[in-house]
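Accompanying notes for the structure given below.
The values are calculated or read from the model by the stated rules, or taken from the named source; none is laboratory data. Remember, it's a predicted structure, so these values are computed and weren't measured experimentally. Cβ atoms come from the backbone with ideal geometry, glycine included; neighbour counts cover every protein chain shown. We work out accessible area using only protein heavy atoms, side chains counted, and drop any ligands, DNA or RNA first. Shrake-Rupley method; radii C 1.70, N 1.55, O 1.52, S 1.80 Å.
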Amino acid sequence: MTPGSSPSATAGRRIVLGYSGGLETSIAIPWLADRQGAEIIAVTVDLGQGKDVLEEIRDRALATGALRAHVVDARDAFARDYIVRALKAGILGELSPVAASLAHPLIAQKMVEIANIEQATIAAHGDPAGTASPLDRTIRALDPTMTVLAPAAEWQMSQAEQLDYAHERHVTLPVAFSGLGDRASAPRGVAVRAAEAAAVDIAFDRGAPVGVNGVTMPLLDLIGSLGIIAGAHGLTSLAALHAAHDALARVAVTTPGAFSSPRIAAAYLRLLREGRWFTPERETLDRDADAVQQHVSGVVRLTLFEGACAVGDVHVTVRPTTIALAKAND
């Protein structure tokens, strides 16, 4: 049922809301303001959604009633500390949607940081899973004193009722949205599929991607360039990276099963689900994965076409230290 209204917001009481720009977090702004008598501070984490998309999301938050709307640039941290870590652990192929799952710890961290800046003691998110949400659990783990609210787990509105509420409260909604998990609106336009297959060479150094088609580039540029090439064939940069890394690891790592240890992958996924990303246990997993990845250097050729990613030539780079040790043992 559509909730009623409570007294208007009281200045000074603030709630930091993890804001994606989708349906749930958009209607959460007036819902929380009414129910909690609070000012709403929207927080959106930039993971590479694009400048135009983020500006639209920020404007929507302010138009919907947020006192302030923070957009936090976390692209470098997300690529370096999450995507590469997941790639080395062999879990990119296990997560769906991978970006949302990997982003939960980083989003929680930025929400807590903004809450401290805003002197807010309450955080909120749009996941209908409520306290079972990995985002919810991570916020609580980072700051046990923080009160965490999950409006989508409380209001008991169907999607149709949520839309009615949005219209009643004059909430601006995205053109496209999901009623489950509150994903942000999709980028405008339809991608044009390439008519011919594309061959792309991806270079790795100790498990981390370092170049595309013979050009060494920073990680963010690499992911962006690969995304353009893969996107023309109905694929994502993460899917291409996973396919190439997996193929290289299978050839480069001589210990049977070590390249995709079920123990490491399963443990990473469990920590993500349980909100225990920022723990010594994850740091131990990082060291285990890095030890294996010392051997994963080389170049993999992929052929991309119509949503398919075929692995071609795999060239393993033997590191100089390995050669030196081999000569010393002769």
_Full-stretch length increase - Thr145, Glu168 - with 0.36 nm per residue and alpha-carbon distance subtracted_ = 4.8 nm
_Sequence ranges 137-150, 293-306, ranked by mean other-Cβ count within 10 angstrom, highest first_ = 293-306, 137-150
*Given H placed on each backbone N at 1.01 Å, which residues far from Glu39 in sequence or on other chains put an amide H within less than 5 Å of it?*
Thr10, Gly12, Arg13, Arg14, Ile15
*What does the charge add up to near Thr121, with Lys and Arg as +1, Asp and Glu as -1, over the other residues with Cβ less than 11 Å from its Cβ?*
0
_Rounded to the nearest 20 debye, dipole of segment 28-157 from Cβ charges on Lys, Arg, Asp, Glu_ = 280 debye
_Quick check: residue separation of Asp290 and Thr216 times 0.36 nm, minus the Cα distance between them. What number comes out in nm?_
24.5 nm
_If I model a spin label as a point 7 Å beyond the Cα along the Cα-Cβ vector, how far apart are those points for Ala194 and Arg206 in nm?_
3.1 nm
*Among rounded, prolate and oblate, which fits segment 37-166 when a ≥ b ≥ c are the square roots of the eigenvalues of its C-alpha gyration tensor, a/c under 1.5 means rounded, and a/b larger than b/c means prolate?*
rounded
*asked:* With a 1.4 Å probe and all protein chains left in place, how much of the accessible area of segment 275-320 comes from carbon and sulfur atoms, in whole percent?
replied: 54 percent
*Set the Förster radius R0 to 56 Å, insert the Cβ-Cβ distance between Glu154 and Val314 as r into 1/(1 + (r/R0)^6), and round the FRET efficiency to 0.05.*
0.65
*At a Förster radius of 25 Å, what calculated FRET efficiency corresponds to the Cβ-Cβ distance of Asp59 and Asn116, to the nearest 0.05?*
0.50
_For segment 25-30, Karplus couplings with θ = phi - 60° (6.51, -1.76, 1.60), whole Hz, Gly/Pro x_ = 6, 5, 6, 5, 4, x
*Taking the simple approach of a point 7 Å from Cα along Cα-to-Cβ for both Thr303 and Asp76, what is their distance in nm?*
4.0 nm
*segment 117-156, accessible area per residue, ligands and nucleic acids excluded (1.4 Å, Å²)*: 45 Å²
